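The block underneath contains the structure these notes are about, expressed in structure tokens.
The values are calculated or read from the model by the stated rules, or taken from the named source; none is laboratory data. Just so it is clear, the model here is predicted, and its values are computed rather than measured. Please note: Cβ atoms are built from the backbone with ideal geometry, for glycine as well, and neighbour counts cover all protein chains shown.
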Amino acid sequence: MESFEQHTDDLKLSGDDHVVPFQVEGLDVRGRVVQLGPMLDQILSRHNYPDLVAQLLAEAAVLTVLLGTSLKFEGRLILQTKGDGPVELLVADFQAPDALRAYAQFDQAKLDLAIADGMNQPHQLLGKGVMAFTIDQGAHMQRYQGIVEMKGETLSDMAETYFRQSEQIPTEIKLGIAELITKEEDATSQHQWRAGGLLMQFLPHSPDRMRQADLPGGDVPHGSQEASHAEDDVWVEAKALLQTVKANELTDPQIGSERLLYRLFHERGVRIYDAQKVDDRCSCSREKLFGVLSKMEPDELQETAIDGKISVVCEFCSTEHAFTMSDF
């Protein structure tokens with residue numbers, strides 16, 4: 001008789017920086033799982049963010065990849081948080097089908113005070129504000145933007161609230177961040193950021209089964225029959241299975257996305273689809289910036305220039321694009 005370990009050892013793993021779509025027909029759920037390694041480390045390392053800022057941006061990056069890879073068109077999905085906390089801004093920009101870029105803005109003085117006061121949780125670092133999801137389908141299509149107040153302890157909590165309020169799709173999200181530290185022969189330390197995430201949505205054939213408890217503070221009168229709904233049994237089961245996943249399982253390269261899915265859902269018949277590669281790739285270019293600067297008035301260009309030169313540094317990839325006044 002074959003063991004559970006034998007089954008999982010036979011699985012072909014897609015490895016780091018690949019998104020793996022899946023479906024569990026027995027539970028009416030679909031989703032995606034990803035482990036980010038070298039790609040994420042490149043994005044975070046080029047800015048040398050403080051650890052707490054890097055962790056938040058890593059979560060935003062994983063969440064954006066999970067959502068962005070579901071786009072069925074050549075467009076962009078942008079996740080952005082803006083709050084009054086030490087981490088003022090997080091931006092993760094996914095260009096379908098496979099390119100991610102991300103950056104963060106933070107106030108170092110406020111961050112130091114928050115750490116000193118023990119206020120180092122995601123909701124404390126972000127503060128009060130909003131989380132926005134923007135879908136851009138191109139120049140000839142109207143942008144769609146959904147905005148939700150940042151309520152919850154984590155970014156995944158905030159995103160789940162967005163799906164409940166705006167998309168009305170029961171959604172569960174698990175995220176994990178890890179920093180691997182290794183000792184080199186010369187006694188120096190090397191570190192690498194890793195992250196993983198799993199997004200699962202309840203999508204039964206009958207829309208009536210997609211009921212969920214109303215959000216607190218709604219307009220439904222207390223005590224009315226519509227004040228709450230009993231969740232579907234299979235969705236309750238799916239959520240219970242997902243809660244067994246530990247953060248280190250999401251980031252452990254020895255487990256891998258496919259093996260994790262099999263461990264979770266093999267008794268219910270999980271179907272795993274082909275993995276999709278994602279890359280650290282910025283969309284900035286000298287040509288695009290030249291087009292923007294060319295629209296400025298000569299006096300404005302002159303004021304921007306220093307010693308006859310205009311230098312623009314991309315906030316995402318830190319690439320410097322230099323121009324001279326003679327270029328215009």
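Within segment 287-297, the presence of a residue that is in a strand (DSSP E or B), out of contact with any strand residue (DSSP E or B) (no Cβ under 9 Å at 6 or more places or on another chain), exposed (fewer than 14 other Cβ atoms within 10 Å of the Cβ) and free of Cβ contacts under 8 Å to residues at least 40 places away in the same chain is excluded.
Go through the residues of segment 148-155 one by one and say whether even a single one is under 25 Å from Arg268 (Cα atoms), modelled with pLDDT of 85 or more and either surrounded by 10 or more Cβ atoms within 10 Å (Cβ to Cβ) or in contact with a His (Cβ under 9 Å, 6 or more places away or on another chain) (or both).
Of the residues in segment 148-155, the ones under 25 Å from Arg268 (Cα atoms) are none.
No; the residues of segment 148-155 include none that is under 25 Å from Arg268 (Cα atoms), modelled with pLDDT of 85 or more and either surrounded by 10 or more Cβ atoms within 10 Å (Cβ to Cβ) or in contact with a His (Cβ under 9 Å, 6 or more places away or on another chain) (or both).
Evaluated against (1) of a type outside the set (S, T, N, Q); (2) in contact (Cβ under 8 Å) with a residue 24 or more places away in the chain; (3) closer than 30 Å to Ala240 by Cβ, Leu264 falls short on exactly one condition, (2).
How many residues does segment 65-99 hold that are of a type in the set (Gly, Ala, Ser) and either free of Cβ contacts under 8 Å to residues at least 60 places away in the same chain or at positive phi (or both)? Residues meeting the conditions: 5. Can you find, within segment 82-101, the residue that is surrounded by the fewest Cβ atoms within 10 Å (Cβ to Cβ) among those that are closer than 15 Å to Ile135 by Cα and in contact with a Leu (Cβ under 8 Å, 6 or more places away or on another chain)? Checked segment 82-101; the qualifying residue surrounded by the fewest Cβ atoms within 10 Å (Cβ to Cβ) is Pro97.
Within segment 29-54, the set of residues being surrounded by 21 or more Cβ atoms within 10 Å (Cβ to Cβ), in contact with a Pro (Cβ under 9 Å, 6 or more places away or on another chain) and among the charged types (D, E, K, R) comprises just one member, Arg32. Looking across Ala275, Ala247, one residue alone is of a type outside the set (Val, Ile, Thr), more than 19 Å from Val313 (Cβ to Cβ) and surrounded by 17 or more Cβ atoms within 10 Å (Cβ to Cβ). It is Ala275.
In the set Val29, Val53, Val33, which member is modelled with pLDDT of 95 or more, over 18 Å from Arg194 (Cα atoms), more than 11 Å from the chain's Cα centre (by Cα) and of a type in the set (A, V, I, L, M, F, W, C)? Before the answer, list the steps.
Details: Val53 fails: over 18 Å from Arg194 (Cα atoms); Val33 fails: over 18 Å from Arg194 (Cα atoms).
Of Val29, Val53, Val33, the one residue that is modelled with pLDDT of 95 or more, over 18 Å from Arg194 (Cα atoms), more than 11 Å from the chain's Cα centre (by Cα) and of a type in the set (A, V, I, L, M, F, W, C) is Val29.
Could you please let me know if Val292 is of a type outside the set (S, T, N, Q), at pLDDT below 95 and assigned by TED's automatic domain parsing to the domain that holds Leu77? Criteria not met by Val292. If the condition is being more than 38 Å from the chain's Cα centre (by Cα) and outside any helix (DSSP H, G or I), then segment 298-312 contributes Asp307, Gly308.
Among Ala230, Ala238, which is loosely packed, with under 12 Cβ neighbours inside 10 Å and either outside the structural domain of Leu199 (by TED's automatic domain parsing) or more than 20 Å from Ser14 (Cα to Cα) (or both)? First the steps, then the outcome.
Details: Ala238 fails: loosely packed, with under 12 Cβ neighbours inside 10 Å.
Selected residue: Ala230, the only one of Ala230, Ala238 that is loosely packed, with under 12 Cβ neighbours inside 10 Å and either outside the structural domain of Leu199 (by TED's automatic domain parsing) or more than 20 Å from Ser14 (Cα to Cα) (or both).
The selection criterion, being surrounded by fewer than 12 Cβ atoms within 10 Å (Cβ to Cβ) and either under 29 Å from the mean Cα position of the chain (by Cα) or of a type in the set (D, E, K, R) (or both), holds for Glu267.
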